[in-house]
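Peer 1: So that we are looking at the same thing, I have put the structure below in C-alpha cells.
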Amino acid sequence: MTAEAPASGPDCAAAWQRLQAEQACRDLVLRSAALSDAGDAAALAALFAEDAQLVRPGAPPISGRAAIEQSYRQRPAGRITAHMVLGTLFDGAIGDGDEASATSRVLVWTADAGTEPGPHGRPAEPRQRLGFFADRFVYTAEGWRIQQRRAGFEMFRD
C-alpha cells in the first residue's frame, strides 16, 4: 500500500519543495564525484559553501572553498579516479527549507594515466574502496551548496 500525495495546499507545496531540495543536493553529490574524477578543482570547489569544511581519511580537516580547491589541485597528475555513487539517503526533514543532510555510498576505483588503454580501457589498480560521503547542505545566495563533507572508507578489496 502506498500513501497518497496531497493534491494541493500547503502539504503539497512543502512536499514539492522538499523534492526539489533533495534533487538539488543529490545533484551536488553526483556532480562533485564527476568533477573530482575530471580533475576540475575549481568547479568542484564551487559546489561547496564559502565557509565549508571537508574531512577526508588520513588528513586534517580543510576549511573554506579556496583551501578545498587548493587541496584538489595538488592531486597527482597521473592518477585517474572513478567514483561510483551508489545511493544517497537523506536524514530526516529538510530544516526550514535551507538545510539538509544525507549519506551516500561511494565505490572508488583508481588507475594510472600512464598506462595505455586497451580495447576495454585502462586496467584498474587492484584496490577497490567502498566508502561514504556524509554531507550537510545549506541553501545560499548561489543555491544549494555542500556545507560539510565527511568522507571515509569502510572496506577495501585488493
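Laboratory data are not the source of any read-out in this text; all were calculated from the coordinates shown. In this text, all values refer to a predicted model and were calculated from it rather than measured experimentally. When we count neighbours, we look across all protein chains shown, and the Cβ atoms used for this are built from the backbone with ideal geometry, even at glycine.
Peer 1: Picking from G64, G118, G131, which is most flexible by a Gaussian network model of the chain using Cα springs under 10 Å?
Peer 2: In the Gaussian network model the winner is G118.
Peer 1: A further question on this structure: With a sphere of radius 11 Å drawn around the Cβ of G64, what net charge do the other residues whose Cβ falls strictly inside it have (Lys, Arg +1; Asp, Glu -1)?
Peer 2: Charge balance near G64 sits at -2.
Peer 1: Projected onto the charge dipole of the chain (+1 at Lys/Arg Cβ, -1 at Asp/Glu Cβ, origin at the Cα centre), which of A151, T81, G118 gives the Cα projection farthest towards the positive end?
Peer 2: G118
Peer 1: Is there a quick way to get the dipole size of the chain? I mean about its Cα centre, with the Cβ of Lys and Arg at +1 and of Asp and Glu at -1; what is the value in debye to the nearest 20?
Peer 2: Result for the chain is approximately 600 debye, rounded to the nearest 20.
Peer 1: Cα axis of helix 10-38 to longest principal axis of the chain: angle in degrees, 0 to 90, nearest 10?
Peer 2: So the inclination is approximately 10 degrees.
Peer 1: Taking the number of other C-beta atoms within 10 Å as the exposure measure, put E50, E69, E116 in order starting with the fewest.
Peer 2: Going from least to most buried by this count: E116, E50, E69.
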